[in-house]
1. Could you list, in sequence order, the residues of the range B:248-275 that are acidic (Asp, Glu) and out of contact with any Pro (no Cβ under 9 Å at 6 or more places or on another chain)?
2. So which of A:VAL97, A:VAL80 is closer than 11 Å to B:THR182 by Cβ, in contact (Cβ under 8 Å) with a residue 24 or more places away in the chain and out of contact with any Cys (no Cβ under 9 Å at 6 or more places or on another chain)?
3. Counting just the residues of the range A:54-74 that are acidic (Asp, Glu) and open to solvent by less than 30 Å² (accessible area, probe 1.4 Å), which one comes out farthest from the other protein chains (Cβ to nearest Cβ)?
4. Just checking, does the range B:156-169 include any residue being in contact with a helix residue (DSSP H, G or I) (Cβ under 9 Å, 6 or more places away or on another chain), more than 14 Å from every other protein chain (Cβ to nearest Cβ) and either part of a loop (DSSP other than H, G, I, E, B) or among the polar types (S, T, N, Q) (or both)?
5. In the set B:PHE135, B:PHE81, which member is touching a helix residue (DSSP H, G or I) at 6+ places or on another chain (Cβ under 9 Å), open to solvent by less than 30 Å² (accessible area, probe 1.4 Å), within 19 Å of A:GLY118 (Cα to Cα) and more than 8 Å from chain A (Cβ to nearest Cβ)?
6. Could you please let me know if B:SER216 is over 19 Å from B:TYR60 (Cβ atoms), small (Gly, Ala, Ser), surrounded by fewer than 21 Cβ atoms within 10 Å (Cβ to Cβ) and touching a residue at least 12 places away in the same chain (Cβ under 8 Å)?
7. Go through (1) touching a helix residue (DSSP H, G or I) at 6+ places or on another chain (Cβ under 9 Å); (2) in contact (Cβ under 8 Å) with a residue 60 or more places away in the chain for A:SER158 and report which single condition fails.
8. For the range A:58-84, name all the residues that are under 29 Å from A:ASN289 (Cβ atoms) and assigned to a loop (DSSP other than H, G, I, E, B).
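The values are calculated or read from the model by the stated rules, or taken from the named source; none is laboratory data. Predicted model only: the values in this text are computed from it and were never measured. Every residue, glycine among them, receives a Cβ derived from its backbone with ideal geometry; neighbour counts consider all protein chains shown. Side chains included, ligands, DNA and RNA excluded: accessible areas come from the protein's heavy atoms. Shrake-Rupley method; radii C 1.70, N 1.55, O 1.52, S 1.80 Å.
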Amino acid sequence: MKLLTLLPLTLLPLLTPAHHTSNWAVLVSTSRFWFNYRHLANVLSLYRTVKRLGIPDSQIILMLPDDMACNPRNAFPGTVYNNADRALDLYGDNIEVDYRGYEVTVENFIRLLTDRLGEDVPRGKRLGSDAGSNVLVYMTGHGGNEFLKFQDSEEIGSWDLADAFEQMWEKKRYNEMLFMIDTCQANTLYKHFYSPNIIATGSSEIDQSSYSHHADNDVGVAVIDRWTYYILDFLESQVTSPSSKLTLGNLFDSYDESKIHSKPGLRWDLFPGGEEKGRERLVMDFFGNVQGVEVEGGNETQWREEMRRLEEIITRARARGNVSEGWKSEPPAEQAVVKVERAGKKGVEGAAKVEAGEAWGQRLLGAGALLGCALLWGGVSWLEASR
Amino acid sequence: MKTFLFPLLLSLLLSCLVLADPDYNERLDLQPLTPASLLASFNFRSSAPLISYERQHFKYIPRSLGQILQHAKTRELHLRFTTGRWDDESWGARPWGGAKEGGTGVELWAWVEADSDAGSFARWVTLNNALSGLFCASLNFIDSTRTTRPRMTFEPSSIGFNASNEDLYLLHGTLPREVVCTENLTPFLKLLPCKGKAGIASLLDGHKLFDASWQSMAIDVRSVCPSDGSECSIEMEQTVDMVLDIERSKRPRDNPIPRPIPVEGLRCDESKSYLQEGACYPSDVSNGQSWTIAEIFGRPIQGSCLAEDSQGSPTDSVYIHVPNEREMYIYAGTETKHPSGTSRSFTLPKSEPFEMVLSHIGPQSFNNHSIPPLYASRSFTGHGQERGGVQTLLTNPSTTSPISFIYFETLPWFMKPYLHTLTAHLSSSSTPNPHLIKETFYRPALDRRRGTQLELLITIPAASTVILTYDFDKAILRYTEYPPDANRGFDVAPAVIRLLPPFGDAPEQGSQAPVYIRTSSLLLPLPTPDFSMPYNVIILTSTVMALAFGMIFNLLVRRFVGSDEVEGWDAAALKGRVRGRLMALRSRFMKGGKEKKL
């Protein structure tokens, strides 16, 4: 009798469709300068949403390339708003920005995703996801056909992103991924993805611009982009509690081209089961948080699992036809700043005292050297002349 | 009330001695500086026996910071987040003698335990990286080019180290460009025992703090081993100083933009001679106006936080430095007027909100501020993109005594000073006076590896101004070394000035505490390339190459003919040619037929 009551409980974890154990969010704005206020507002809106739905700060990587809240141009110090009604202060009293200012670079972003970071980099600046993590990647900024600008000075290409995600998959850094991008020609950014378990969505097709939604006259600039605005509209009004059962299908069906003013895109083919299965995934699988515990099985099954994965990766690479024999992986070029310094030198390495008295000695030495040269020259020419 | 600084410091020291509970103590000092501005100085001290700290038993010393310090073998730490400029012309001397403030941006210095220079630098990098994660600041950008090892400017504030001082290394780094914002305040508050939810820390709100005219957040960790042989302890002090513009702080948060006042609401300055119908010179309403804590900080103090001494009786945590004549009302809590007649203190209620109303006061009855011991201002001279100069004006306001100080500057490697041009002369004469600079410590820059470090020991005679100048060259950076906003310019860290006792006219009792002054940071414009230039070059080169290649190719493979040599293209000729060809064919067949017949 006891066994019978326990049976459903033991089966329960097997029955849940998404058996991920943690949630991570990588939220990236890539635009500097005050007039790109809306891109920071986009990202901060998403930050507030995932925090509201339960992902803790330690599992959110927030990248803000510029400071809008304490910008001297901001008439509302310490705040960022995403709506002209200014009902919600996105910056709030409790915010943790992991990468900010000049730290938001393509290199840092790819290092973060692939965990190729120096050993000194603190935990808060690392993406600590594993094979059981569902990762939400949201990016916004100015982009074009297959690229996204970072800070107006460099770009990330769609192949860079695709390869970074593939490396994440190979390193077992995600279980499923939802990739969202709001930029001009956004749908071109996920064109080249080839790693499994990714659902991708973007704001606009090739040759289409993504537009801002509206401006706040007191802030003085546009405060949010259209696509993000309507996604937030859905999340705020319908996904009101962490127990929400709304699916990604519901979210993507809410796209209204007449409101967004561009054609949002979706990509399902990388997801096992395609669109049909992908649409069934809950919004909360990516925007909310689960705290699952994974009990490690015996060593043998783990080893077999690893081999199976490796085989799978090789098969997929063969199928793509770009595997080359004898290809060697480069070791990560970590910033070994420490080792550049000469080691083993004793004594304080600091400023030296400047002695004014020494200058006379140096002058004397210089004059002596000149005199010596002159004498030598004179002597030799005298010998020449006397010959 | 001539100087409020030293009495403040002294009373603080005394209060710490008198109170038997050394573990945690917090205190807020409110000091109107001018009729329109208010200095709010928050101080949180916590301490723990060194032995329990080393065994990782944390109570009031936060674990997150304590473990970082232990991991990086840091004995003493000073971290500063500052924005704005202290206006010493109108606000007078700095709080804490300038010892609790940093230069604009982020400043960090620490004594690190190591067996060699390289070892200390490695620990320093570890410390910076760990702190960057904790405080959400780009402290990891303090690399070898921004790190210096000052010789004279900083002295450890720890007392009685039993370890030999040889294996302690002082490292100093600044980030003048770093923005200080709410994400730095959040972890700062989380280090406090009440996390900013209760006690005076509940007033610390990013919306007000970063709207202040000047603000500085400081964290100091030091160890104290009393000379009487009692237990060593580790002390941590967190300080927030802010100068609030009263009128600005009182604006509602949802509508902070000042709108024009309707004519009926205008208050005119009656003293102006041109006052007449239809003309109004608005009077300065902000002068000495009344305020409450909730108006200024956005909320009242939310109860008290561990404000009890060892006997369990409540201690004073809020001090206000106004004359006793000025009327005040408080809700909850108790008031104590101090015998000096210029300050009073309050105990906070345990869990009720504490509110205080300060009555209106006319500008005429306002105290004059204290005179700072030294005025310093630094600026760039010269023009052009190749070279420039730096000029620092240092004024000793004391009419009786000379003043000695250490002037410490770190310059980025792309700003290359010429030491032989370093001169100091009195403003009264134009010839350099070699006796003003007593000692010079200098460490030249190495391109991309370290910056310049300059420390000068200067003495200024009474009531005179010294002008310190030097010239420098601007280096040209590589294309990829420019930041994304290179056209804004490059920030040069503020100079740090440490006054040596005796401090001018200041009273003798303050001679123990160090006095610091920092200049503002400088913005150095460097020659920046047009960043689209490489693309222009590529496009232009490709065009030239295409043109050249095309022409040569044409010359090689084409045959050139004159226009008259070209055959015409008329229908008759074509017809003729076709007919001719047909005729030839026919004649050939005919001929062939004949031959067959034969």
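1. Within the range B:248-275, B:ASP254, B:GLU264, B:GLU270 qualify.
2. The conditions single out A:VAL80.
3. Out of the qualifying residues, it is A:ASP57.
4. Yes, the range B:156-169 contains a residue that is in contact with a helix residue (DSSP H, G or I) (Cβ under 9 Å, 6 or more places away or on another chain), more than 14 Å from every other protein chain (Cβ to nearest Cβ) and either part of a loop (DSSP other than H, G, I, E, B) or among the polar types (S, T, N, Q) (or both).
5. Numbers: B:PHE81 fails: within 19 Å of A:GLY118 (Cα to Cα).
It is B:PHE135.
6. Numbers: over 19 Å from B:TYR60 (Cβ atoms): yes; small (Gly, Ala, Ser): yes; surrounded by fewer than 21 Cβ atoms within 10 Å (Cβ to Cβ): no; touching a residue at least 12 places away in the same chain (Cβ under 8 Å): yes.
In short, no.
7. Here A:SER158 meets the rest and fails (2).
8. Start the filter on the range A:58-84 by keeping residues that are under 29 Å from A:ASN289 (Cβ atoms), which leaves A:58-69, A:78-83.
A:PRO65, A:ASP66, A:ASP67, A:MET68, A:ALA69, A:GLY78, A:THR79, A:VAL80, A:ASN82, A:ASN83, listed by residue number.
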